[in-house]
Structure formats: C-alpha cells, structure tokens
Amino acid sequence: KKLAVFVSGSGSNLQAIIDQIKIGEIPATISCVISNKKDAYALERARKNGIQAIYISRRDFPSSLEYEKYLVKLLKCQKIDYVILAGFLYIFSEYFVEEFKNKIINIHPSLLPAFGGKGMYGINVHRSVLEYGMKVTGATVHFVDAVPDGGPIILQKAIYVREDDTPETLQKRVLEEVEWKIYPLAIKLLCEDKIEVAGRKVIIKDKEI
Ligand code: GRF
C-alpha cells in the first residue's frame with residue numbers, strides 16, 4: 001500500500017511509522033511527507049529516510065478549495081491508498097474528505113470524544129485533561145470525516161494520570177506509551193485490509209486485537 005503522511009511539527013509519530021515499515025511490520029511505503037509548515041522537523045525526518053518531502057501551504061492558494069484540489073491531484077498522481085494525518089494542523093473540508101472517503105486517518109492525544117474539536121491540539125489537550133481532574137487519558141486513532149475529531153474510532157488506549165503530572169509530562173507519556181504504539185498498529189491493520197467500517201462502527205478482523 002502507498003501512504004502519504006501529512007505533518008506540521010516534530011514528526012515523532014511519522015518516525016514511529018517509518019521505523020515499523022523498516023522492520024517489515026507495516027506492508028506499505030511512504031510515497032511522500034507533506035507539511036504546511038516550512039520548518040517542520042518532520043520534513044527533515046522524511047529527507048533523512050529518503051522519502052519525498054513536500055512543503056505546501058494553504059497561503060500559496062487563493063482559497064481552501066484550490067489548496068485541497070491541488071492536494072487531491074497530487075495524491076491521485078502518486079496513486080496514494082491512505083492519507084495519514086500525523087500532527088497536521090489544518091482542517092480538511094467536506095470536499096477533500098469525500099475524495100478519500102474512509103481512506104484518511106488521524107491520531108488525537110485524548111480519549112475521544114473527550115477533549116477533541118476546536119482548539120484542542122498540542123499541549124492544550126493535556127492541560128485541559130489535568131484541569132478537568134481526569135484520572136485516565138490516552139489517544140485515539142480515527143477515520144477522518146467532515147467533523148473535526150469526530151470520525152469513526154479505530155483504536156484507543158488509556159493510561160493513568162499521575163498526581164504529579166504536568167501538561168508536559170502527560171504529553172510525553174501519551175506520545176511514548178500510547179501514540180507511538182497504536183498509530184503504527186492501526187496503519188498495519190489498515191494496510192493488511194483488516195479494518196472494515198460500518199457506519200460509526202469499525203470492525204477489526206484480527207485475532208490479536
Ligand atoms: C501528536 O500528539 C498527535 O496526537 C497530534 O499532534 C501531535 C503530533 O506530534 N495530532 P508529532 O509531530 O508526531 O511528534
């Protein structure tokens with residue numbers, strides 16, 4: 001399977017995916033890494049691994065639709081099977097989402113539907129989790145539809161919040177103990193055709209899960 005990974009930041013999830021592809025756990029290749037931030041370290045990670053690194057910003061286009069049309073053309077030219085959002089700070093419109101229906105996935109650093117939606121990204125999520133007094137948190141891998149953080153859930157994993165956690169320590173543990181594990185796993189299952197979507201329900205056809 002051919003993947004396109006969209007990023008805006010450090011790309012630690014991208015790295016986890018690259019590593020699992022390298023050891024043969026995920027039957028796929030990353031055709032390109034696309035960033036809307038020029039200085040995203042994720043682009044550097046792509047280059048270091050011999051993956052095409054592309055910078056395209058919404059600002060280079062007169063409208064969101066023009067931007068998304070360009071991206072759709074690019075992805076179709078490269079015959080991309082799945083679009084992987086890994087810290088991509090941009091909300092796709094219905095147009096883009098329909099072009100790749102059930103082919104776009106995202107990871108969010110909370111147990112959705114809690115702490116998702118508008119303004120909930122990066123460290124804000126973990127700050128809100130602590131402010132609310134949550135005892136557990138985690139991450140969610142989900143299909144992307146037109147509702148931000150609202151598509152069908154593929155995988156979730158929880159960890160306990162500690163009394164001495166800060167937004168920063170929580171962010172680090174959610175990344176290391178949850179995100180870097182469940183995102184590569186979800187992509188592996190997707191590429192092995194083990195994931196079926198029926199309305200809001202996602203069925204995983206794997207004995208181990
Ligand atoms: C992750 O926390 C992910 O859940 C969220 O954005 C962050 C990206 O981190 N969507 P990285 O760039 O993969 O290190």
Problem - Percent antiparallel among DSSP beta bridges (both partners in the chain, rounded to 5) - result: 45
Exercise for the section: Tell me what the chain gives for mean residue ellipticity at 222 nm when only DSSP H runs of n ≥ 4 count, each as -39,500 (n - 2.57), the sum divided by the residue total, rounded to 500 deg cm²/dmol. Expected result: -9500 deg cm²/dmol
Problem - Inter-site label distance for Ser10 and Glu196 at 7 Å from Cα along Cβ, in nm - result: 3.9
Fill in the blank from the handout: Asp206 and Arg47 label points (each 7 Å along its Cα→Cβ direction) are spaced in nm at 3.3
Handout entry: For the chain: rounded, prolate or oblate by the Cα gyration tensor [a/c cutoff 1.5]
Key = rounded
Problem - Charge dipole magnitude, Cβ of K and R +1, D and E -1 - the chain, Cα centre, debye nearest 20 - result: 460
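Every number in this text was worked out from the coordinates using simple rules, so none of it is lab data. If you're wondering where the values come from, they're calculated on a predicted model, not measured in any experiment. For neighbour counting, all protein chains shown are included, and Cβ atoms are generated from backbone atoms with ideal geometry for every residue, glycine included.
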